[in-house]
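Chemist: Below are the structure tokens for one structure; questions will follow.
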Amino acid sequence: MIDIALPILAALFIWWFSTGAVLYLVGLPRPTRRWVLSGVTVALFAALWGLWASRAEATEAGAYMAFACAITVWAWQEVCFLMGHATGPRREACPAGVVGWKRVSAAVEAILYHELILVVLGAAVWIAVADGINQTGLWTYLVLWTMRLSAKLNLFLGVPFLHDDWLPKEIAHLRSYFRIRPMNFLFPVSVSASTIAAVWLFQLAYAPGVAAADAAGYGLVATLVGLAVLEHWFMVLPLPVAAMWAWAFRSRRTPHAAPPASDASPALRIVASNQPQTVSHELAANARSQHGPASVAAPVLLFPKPTVNGR
């Protein structure tokens, strides 16, 4: 039983903790960012070395090490992206009224550097494990890359819940490239294909006679795909997603600030920022006196049969 549960539990914990760690680091005060970037860059090179060192390890430990290292590589670009250091040449909001291919072009320009970094990191991961038997790290990275692209496309096409209160102010302009819509044509395709992939990988992991190292590798990657499917469902279900990482948002708080809250409905969507501000009582009083009591209703917060171990 432990052989079945351990890869699932390990992937769940690493996913949850790494997501929270990224959110926490990104929310730290600006003067600490040089040290944060230095630290995560050291972790990046250590993770690439770990992928290279574990490439010949056809063992359970090798699968877990490769998985964790690939997550660390991914976390590096997440920190850089969320801090606004790796987005694109377009640093402003989507022009009003832009539709069709012009909107596509503007969106590509807004994240072009990020996409190129993902390609470079993918090549680095592949080079690190290319001549090895343990391919868990490579497949982990490919799952993260594929599912992130799917999420970006779904946000661009439109989903009911954006959860964009997670976006720091440095990349708040990206919000203008998202859409709120009841559904888009890509979402059911993304979720269906990913669910099929997760089921297939779980079948490989728990097939009779499968080696322990392969079972661990397949189980880790299968769980990651399942979590990516869950993250897609977050875009259409009114769930308090941010509550799972409430501890991570503490680094963003000020004495008078509230932690980010997930969207309960499009009407309650909150605009993200590292330093929430409230409409002052004086402004509210002035607005009421000039335009009536309905002018200010309440204070406003601004703010992918792969081989895993050579089989």
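The values are calculated or read from the model by the stated rules, or taken from the named source; none is laboratory data. It should be emphasised that the depicted structure is a prediction, and the values quoted were computed from it without experimental measurement. Heads up, the Cβs are rebuilt from the backbone with ideal geometry, glycines too, and the neighbour counts pull from every protein chain shown.
Chemist: Might you let me know whether region 84-101 holds any residue that is buried (at least 20 other Cβ atoms within 10 Å of the Cβ) and within 25 Å of TYR24 (Cα to Cα)?
Modeler: Taking every residue of region 84-101 in turn, at least one turns out to be buried (at least 20 other Cβ atoms within 10 Å of the Cβ) and within 25 Å of TYR24 (Cα to Cα).
Chemist: Being over 30 Å from ALA212 (Cβ atoms) and surrounded by fewer than 20 Cβ atoms within 10 Å (Cβ to Cβ) is the filter here; which residues of region 41-82 pass it?
Modeler: Within region 41-82, THR41, VAL42 meet the criteria.
Chemist: Then there's this: Mind listing just one residue for me: the one in region 49-98 that is in a helix (DSSP H, G or I) and in contact with a Cys (Cβ under 7 Å, 6 or more places away or on another chain) and, of those, nearest to GLU109 (Cα to Cα)?
Modeler: LEU51
Chemist: Name the one entry in CYS69, CYS94 that is in contact with a His (Cβ under 9 Å, 6 or more places away or on another chain) and not β-branched (Val, Ile, Thr).
Modeler: It is CYS94.
Chemist: Here is a follow-up. Is there a residue in region 148-157 that is in contact with a strand residue (DSSP E or B) (Cβ under 8 Å, 6 or more places away or on another chain), in a helix (DSSP H, G or I) and either surrounded by fewer than 20 Cβ atoms within 10 Å (Cβ to Cβ) or modelled with pLDDT of 95 or more (or both)?
Modeler: no
Chemist: Now, a different point. Under 6 Å between Cβ atoms, at least 6 apart or on separate chains: pull out the pairs that start in region 193-216 with a residue that is closer than 19 Å to MET65 by Cβ and end on any residue that is assigned to a loop (DSSP other than H, G, I, E, B) and of a type outside the set (Val, Ile, Thr).
Modeler: Note: pairs meeting the criteria are ALA213/ALA58; ALA213/ASN309; ASP214/ASN309; ASP214/ARG311.
Chemist: Residues that are assigned to a helix (DSSP H, G or I), within 17 Å of the chain's Cα centre (by Cα), within 21 Å of ALA242 (Cβ to Cβ) and modelled with pLDDT of 95 or more: does region 133-147 have at least one?
Modeler: Scanning region 133-147 turns up at least one residue that is assigned to a helix (DSSP H, G or I), within 17 Å of the chain's Cα centre (by Cα), within 21 Å of ALA242 (Cβ to Cβ) and modelled with pLDDT of 95 or more.
Chemist: Those residues that are surrounded by fewer than 16 Cβ atoms within 10 Å (Cβ to Cβ) and within 16 Å of VAL236 (Cβ to Cβ), I need them from region 161-179; list them, please.
Modeler: ARG179
Chemist: Okay, moving on. Could you look through region 193-235, keep only residues that are within 29 Å of GLY158 (Cβ to Cβ) and polar (S, T, N, Q), and pick out the one that is surrounded by the fewest Cβ atoms within 10 Å (Cβ to Cβ)?
Modeler: Once the filter is applied, the top-ranked residue is THR195.
Chemist: Taking PRO182 and the conditions (1) touching a Pro at 6+ places or on another chain (Cβ under 7 Å); (2) part of a helix (DSSP H, G or I); (3) not acidic (Asp, Glu), which numbered condition does it fall short on, given that it satisfies the others?
Modeler: (2)
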